[in-house]
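The values are calculated or read from the model by the stated rules, or taken from the named source; none is laboratory data. Computed from a prediction, not measured in an experiment: that's the story for all the values here. FYI the Cβ positions are ideal-geometry reconstructions off the backbone, even for glycines, and counts take in every protein chain you see. Note: areas computed on protein heavy atoms with side chains; ligands, DNA, RNA excluded. Shrake-Rupley method; radii C 1.70, N 1.55, O 1.52, S 1.80 Å.
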Amino acid sequence: MAPRGLSAEEKRVKLLELFHESKDFYQLKELEKLGPKLKGIVSQSVKDVLQSLVDDNLVCSDKIGTSNFFWSFPSAKGVMLQKKSDGLEATLASAQAAIETLKAAIKDEESQRTIT
């Protein structure tokens, strides 16, 4: 049996590799031509795969004049993960402070309670 085409995840990885290897920006028409040549992605599915990458913030897009440009750089994912990590660390710190405040309030209430 002949192997089937690429899965959706494989197409996403290969299209992202195209951006990261070239470190360039493209229009949709250029990607529809380069996808099949360089990465083996069927040209009809390039648009859907590209849109899913844009939705996940792995590829940036911008409309300049009447043209839409798409790009992604290898460092962008690292920056995005660092921002998310910093946000989570801040949330953790505030949650720990809230826990300490509540523990102190519980001790105060317990010391004021009379045993019956």
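When segment 35-50 is examined, which residues are found to be touching a residue at least 12 places away in the same chain (Cβ under 8 Å), closer than 12 Å to LYS14 by Cα and in a helix (DSSP H, G or I)?
Selection gives GLY35, LEU38, LYS39, VAL46, VAL49, LEU50.
Polar (S, T, N, Q), modelled with pLDDT of 90 or more and surrounded by 10 or more Cβ atoms within 10 Å (Cβ to Cβ) - does that describe any residue in segment 80-88?
yes
Take the residues in segment 66-116 that are in contact (Cβ under 8 Å) with a residue 12 or more places away in the chain and small (Gly, Ala, Ser); name whichever of them is nearest to VAL54 (Cα to Cα).
It comes out as SER72.
Among the numbered criteria (1) under 13 Å from the mean Cα position of the chain (by Cα); (2) open to solvent by less than 80 Å² (accessible area, probe 1.4 Å), which one does SER67 miss?
It fails just one condition, (1).
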